[in-house]
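The values are calculated or read from the model by the stated rules, or taken from the named source; none is laboratory data. Bear in mind the structure is a predicted one, so any value in this text is a computation, not a measurement. Quick reminder, even Gly has a Cβ in these numbers, built from the backbone with ideal geometry, and neighbours come from all protein chains shown. In case anyone asks, the SASA skips ligands and DNA or RNA and just uses the protein heavy atoms, side chains included. Shrake-Rupley method; radii C 1.70, N 1.55, O 1.52, S 1.80 Å.
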Amino acid sequence: MVDVADKLACFRAITGLEDSDLCTEILQAHNWDLELAISSFTSNHSDNHPFSSSYTATDTTTTAVDPSNATIHRSDSTSIVPAGAPPPGLAWKIVTLPISVISGSLGLISGAVGFGLWAAGGVLSYSLGFIGLGSNSGRGGDSLAQLVTVSAASREAIEFVAQFERDYGSGSSTRPNFVSEGFMDALTRSRNTFKLLFVYLHSPDHLDTPAFCEGTLCSEVLSAFVNENFVAWGGSIRGSEGFKMSNSLKASRFPFCAVVMSSTNQRIVLLQHVEGPKSPEEMIVILQRVLEQSAPVLVTARLEAEERTTNMRLREEQDAAYRAALEADQARERQQREEQERLEREAAEAERKRKEEEEARDRAASEAAEKEAALARMRQEKALSLGAEPEKGPDVTQVLVRFPTGERKERRFHSAATIQSLYDYVDSLGSLNVDNYSLVSNFPRVVHGTDKVSLSLKEAGLHPQASLFVELN
């Protein structure tokens, strides 16, 4: 019982019907399927009650609509009601109820079948593409990269715009520029452009719809006025979002137009709604009045947005200046730090080189001293190996040695002494700073090299006297 009572209360709130018995009969006819009953009532309510040609407008103020739960908090609104046409009685509603049920059921069944086929095709196409059997499978992952995610609301809007263009735009280039996006996106667009949102709910089955679309919406004067001053959004009540908005805006007669604007707390302000057919001139008068009444709000919103933009730009400039100054300070500190590090490195490098040079000098002095000591020992050893200089005699050879510097040294040797003794003698004098040299005699020129050091002076032809000079190799 609680579920039945809730459905009955919800159906009465959405449809606006006050007769509980009639609401109960409608729900029972639809097996208490709330969505099916609402869809049937919405799609057939206008068809079962033709409009008269004269309407009276009840002028009131705005209405706040909450799109999240489709509830309307009405303080007042502008409603268009037929003059002199009393509402149908209970008996007429009961008589026409089966027709409404059948029509709504067929509409829902066709919509469900179409949606099911579309969903099945999409799933099959995605599955084939995923396993590499799609039409673009030869390009690997390119097929998946080309998929574009479109929300259901945007897809409905795109389909509505295309259908409206096919039905009413082929013979005329003038029509409202309905945005191809969902209602909330269109509302956001209108808020960002500081315009009001013109809403058109399309009922394809209504008798007045073709004439209103062709003669009013697509008229040059009205379409130009709407395109210049509003962001236009349209939706078919056969679609999910169009149906939802028809419930949110309490659309009971068609054609239905409304002017809304966004408010705080995710709410929508309903500024004006027009039900029933209207001429272009009547629509312009109504829309012009809404624009004049809403102009202060839009101007204030624009000024506030410009102020926010200016403040944001000023903050960005200040932040940019602060960042630039901070980066300059950091760059200067970094440069100073790098300069200090460079100086420290250069000082350390100079100290290292100084120490290396000092160590090299000490090492060279030590090596020179060791070498000099070794040479001195070698000269001393070779001088001792020569023995005492012999006295003149027949077995004694007189040898004269001339150095590259012009210095001359002369000594006597036993004729049996070897040429190696002559090299030891030259080495013991310490007159040469090189080790690689040869003793050479002239006339004829003979080089007494390492291959002859074992020959005696007599065997080498240097007895009884010889004159040799040192030739550096």
Using a 7 Å offset from the Cα along the Cα-to-Cβ direction at both residue 379 and residue 336, what is the distance between the two label points in nm, to one decimal? 6.4
Separation between the residue 292 and residue 345 pseudo-spin-labels, each 7 Å from Cα along Cα→Cβ, expressed in nm? 7.9
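Between residue 432 and residue 411, what length comes free when the chain is fully extended (0.36 nm per residue of separation minus the Cα-Cα distance, one decimal in nm)?
The span from residue 432 to residue 411 would gain 5.8 nm if fully extended.
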Could you tell me the center-to-center distance, by alpha carbons, between the range 363-393 and the range 447-473 in angstrom? 21
Give me the net charge of residue 169's neighbourhood, meaning all other residues with Cβ under 14 Å from the Cβ of residue 169; Lys, Arg count +1, Asp, Glu -1. -2
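Multiply the residue separation of residue 320 and residue 20 by 0.36 nm, subtract the distance between their alpha-carbon atoms, and state the gained length in nm to one decimal.
Between residue 320 and residue 20, full extension yields an extra 101.4 nm.
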In square angstrom, rounded to the nearest 10, how much accessible surface does residue 185 have for a 1.4 Å probe? 80
Not counting ligands, DNA or RNA, and with a 1.4 Å probe, what is residue 187's accessible surface area in Å² rounded to the nearest 10? 10
From most to least accessible, 1.4 Å probe, no ligand or DNA/RNA atoms counted, 199, 221 line up as 221, 199
Would the range 371-453 count as rounded, prolate or oblate if I go by the C-alpha gyration tensor, calling it rounded below 1.5 in a/c and otherwise prolate when a/b exceeds b/c, oblate otherwise? oblate
Checking the a/c ratio against 1.5 first, then a/b against b/c, what shape does the Cα gyration tensor give for the range 354-402? prolate
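Arrange the residues 362, 424 by how much accessible surface each exposes, largest first, with a 1.4 angstrom probe.
Listed by decreasing accessible area, they come as 362, 424.
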Low-density loop positions, trypsin sites (Lys or Arg not before Pro), the range 384-426 - DSSP coil, at most 16 other Cβ in 10 Å: 392
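Can you tell me the FRET efficiency between residue 167 and residue 263 if r is taken as the Cβ-Cβ distance and R0 is 45 Å, rounded to the nearest 0.05? All intermediate terms of the calculation are to be shown ahead of the outcome.
Working: r = 33 Å, r/R0 = 0.74.
Taking R0 as 45 Å, the efficiency between residue 167 and residue 263 is 0.85.
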How big is the range 323-473 by the Kirkwood estimate over distinct Cα pairs, in Å? 19.9
A 1.4 Å probe over the protein heavy atoms gives the range 266-398 a carbon and sulfur accessible-area percentage of 52
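Ordering 283, 312 by how much accessible area each has at a 1.4 Å probe, largest first, what is the list?
Of 283, 312, the descending order of accessible area is 312, 283.
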Exposure of residue 267 as accessible area (Å², to 10), given a probe of 1.4 Å and all protein chains: 80
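Could you do me a favour and compute the accessible area per residue for the range 238-343, 1.4 Å probe, result in Å²?
Per-residue accessible area for the range 238-343 comes out at 60 Å².
What per residue convex hull volume, in Å³, do the alpha-carbon atoms of the range 162-288 yield?
Residue-normalised Cα hull volume stands at 99 Å³.
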May I ask which of 195/278; 7/244; 7/278; 371/392 have a Cα-Cα span longer than 25 Å here? 7/278; 371/392
What are the radius of gyration and Dmax of the range 408-473, computed over its Cα atoms and given in Å? 11.1, 30
